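Participant: Below you'll find the structure I mean.
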Amino acid sequence: MKFDPEVIDSDVHNELPSLDALLPYLDEHWHVYLAESAFVGPGANDYPEAIVIRAHEGAIPKSGPAGSNIQLLSTHVFDEGGADNAILTCGFRAGSVHNQDFAADLSSAVNDWQIEHWLDKEPRFRASIVVPNQNPVRAAEEIERVGDHSGFVQVMLPVRGDAPYGNLRYDPIFESATRKDLVVGIHFGGAPGLPPTPAGWPSTYVEEYVDQAAIFQSQVLSLIFEGVFDRFPETRIALIESGWTWMPSAMWRFDKEWKGLRRDTPWVKRRPSDYIRDHIRLTTQPTDAPRQNENEQLTAIIDQLGSDDILMYASDYPHNHGVRADAFLSAIGSETTKQKILQDNAAAFYRI
């Protein structure tokens, strides 16, 4: 597909070909640790290998997982996907590694690998800084280390963390990210060792997969009501691979309950929906579209967001959600709104 405006794809997954790719960036003692511990990588497994949603047909290279071959990925995202720039969202979940020193050094290794093998090789890429989110102090140190590199535009946090990200413990991350003028991307996935639902451990993957939309809502609630946007007014949050059609009803409920309970959070000076429109953006894939009157209902949902600045186009390459990433665009009659979703919103938010 090819679009008239230039396109920024806000969610493209670059993956390690293997854990061995990090060895050149790790100190020698970690080489020994890897050999002796049989460590095979973070245990998040956001998309199990055999599940159909993991990758489009043809996205898996001859060796390595989908997203690990820069030539194949570039062909699919730029030549065939119609993007002019792409934001890489490496899914290496350092927060799932319980040895925190190792998690921090793995994060640094992944970022150095991204610079050498992705950013230095293709100027159309921007990338996300991988951090050990379970240790905000070490995460902030990594943001300070590589945050001035022009290729990095975002700090990556998995939506599943040890606690809601509005908690004061995470302030070092937001402080460093705002100082470096970086977006904080909260992405589907993660495995901190806690249940992925408020009611405990589910029995099936589909329960875990669907419930992550509720975790995104919890994170938005926490960021607003625990005061992140008041402590760090320049904070910019991207919700990546969260879905987006749930947001209007969530905004309505946040506003409604804040009106009656705002004495509990006197630092929240404005309606929650105002914070969302000012500070938060959502990527468009996956789009949870209704089966009947799809265009009419999607148009209504976009109107209910109350702003055409909120959505950013994303393919979520190489994941396969069973529908073309641009399918929802047929519901948008305004060419100005399409232009904003395809390019302008991401360009402004990521300073591209």
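Readers should treat all values here as calculations from the given coordinates under stated rules, not as data from a laboratory. Owing to the predicted nature of the structure, the values given are computational and were not obtained by experimental measurement. Please note: Cβ atoms are built from the backbone with ideal geometry, for glycine as well, and neighbour counts cover all protein chains shown.
Participant: For Ser63 and Leu194, compute 0.36 nm times the residue count separating them, minus their Cα-Cα distance, and round to one decimal in nm.
Facilitator: 43.9 nm
Participant: Given a Förster distance of 56 angstrom, what is the FRET efficiency for Val32 paired with Asp264, based on the Cβ-Cβ distance and rounded to 0.05?
Facilitator: For R0 = 56 Å, the calculated efficiency reads 0.65.
Participant: Counting pairs of alpha carbon atoms under 8 Å apart in space and at least six apart in sequence, what relative contact order in percent does segment 1-103 give?
Facilitator: Relative contact order for segment 1-103 comes out at 51 percent.
Participant: Could I ask something else about it? Test of the criteria: in segment 1-65, which trypsin sites (Lys or Arg not before Pro) are in a DSSP loop and have at most 14 other Cβ atoms within 10 angstrom of their Cβ?
Facilitator: Passing both the DSSP loop test and the Cβ count: Lys2, Lys62.
Participant: Further question: Provide Leu261, Leu329 in ascending order of the number of other Cβ atoms located within 10 Å of each residue's Cβ, fewest first.
Facilitator: Fewest-to-most Cβ neighbours within 10 Å comes out as Leu261, Leu329.
Participant: What percent do you get for the relative contact order of segment 68-200 when only Cα pairs under 8 Å and 6+ apart count? Each step should come with its number before you reach the end.
Facilitator: Values: 192 pairs, mean separation 31.4, N = 133.
Computed over segment 68-200, the figure is 24 percent.
Participant: From Cα pairs below 8 angstrom and at least 6 apart in sequence, can you work out the relative contact order of the chain, rounded to a whole percent?
Facilitator: It comes to 19 percent, rounded to a whole number.
Participant: What is the calculated FRET efficiency for Arg145 to Asp120, with r their C-beta to C-beta distance and R₀ = 25 Å, to the nearest 0.05?
Facilitator: On the way: r = 17 Å, r/R0 = 0.68.
The calculated FRET efficiency here is 0.90.
Participant: Also, quick follow-up: Of the listed values (1) 0.94; (2) 0.97; (3) 1.00, identify the label whose number matches Rg/Rh (Cα atoms, Kirkwood Rh) calculated from this model.
Facilitator: Checked against the structure: label (1).
Participant: Also, quick follow-up: What list of ³J(HN,Hα) values in whole Hz, one per residue of segment 265-275 in order, does the Karplus curve 6.51 cos²θ - 1.76 cosθ + 1.60 (θ = phi - 60°) give from phi, with Gly and Pro shown as x?
Facilitator: For segment 265-275, the Karplus-derived couplings read 9, x, 6, 7, 8, 10, 4, x, 5, 5, 4 Hz, x marking Gly and Pro.
Participant: In the chain, how many lysine pairs have Cα atoms under 23 Å apart, counting only pairs 8 or more places apart or on different chains?
Facilitator: 5
Participant: Per-residue ellipticity at 222 nm for the chain, helices alone: DSSP H runs ≥ 4 residues times -39500 (n - 2.57), over residue total, nearest 500 deg cm²/dmol? Write down the numbers at each step before the final one.
Facilitator: Numbers: 12 runs with 120 residues, N = 352.
Mean residue ellipticity, 222 nm, calculated: -10000 deg cm²/dmol.
Participant: Stretch Thr204-Leu23 to full length: gain in nm at 0.36 nm per residue minus the Cα-Cα span? If you can, show how the numbers build up before the last one.
Facilitator: Values: separation 181, 0.36 × 181 = 65.16 nm, distance 3.49 nm.
Full-extension gain reported as 61.7 nm.
Participant: Sticking with this one: Where does each of Thr235, Thr265, Thr283 land when they are ranked from fewest to most other beta-carbon atoms within 10 angstrom?
Facilitator: Thr265, Thr235, Thr283
Participant: Assigning unit charges at the beta carbon (Lys, Arg +1; Asp, Glu -1) and nothing else, what dipole magnitude in debye, to the nearest 20, does the chain show about its Cα centre?
Facilitator: 1040 debye
Participant: Given a Förster distance of 22 angstrom, what is the FRET efficiency for Glu49 paired with Arg324, based on the Cβ-Cβ distance and rounded to 0.05?
Facilitator: After rounding, the FRET efficiency stands at 0.40.
Participant: Starting from the 7 Å offset along Cα-to-Cβ, what nm value, one decimal, do you get for the label separation of Asp84 and Asp112?
Facilitator: A separation of 3.6 nm, rounded to one decimal place.
Participant: Assuming 0.36 nm per residue, please report the length gained on full extension of the stretch Ala348 to Phe39 beyond their Cα-Cα distance.
Facilitator: Extra length available between Ala348 and Phe39 comes to 107.2 nm.
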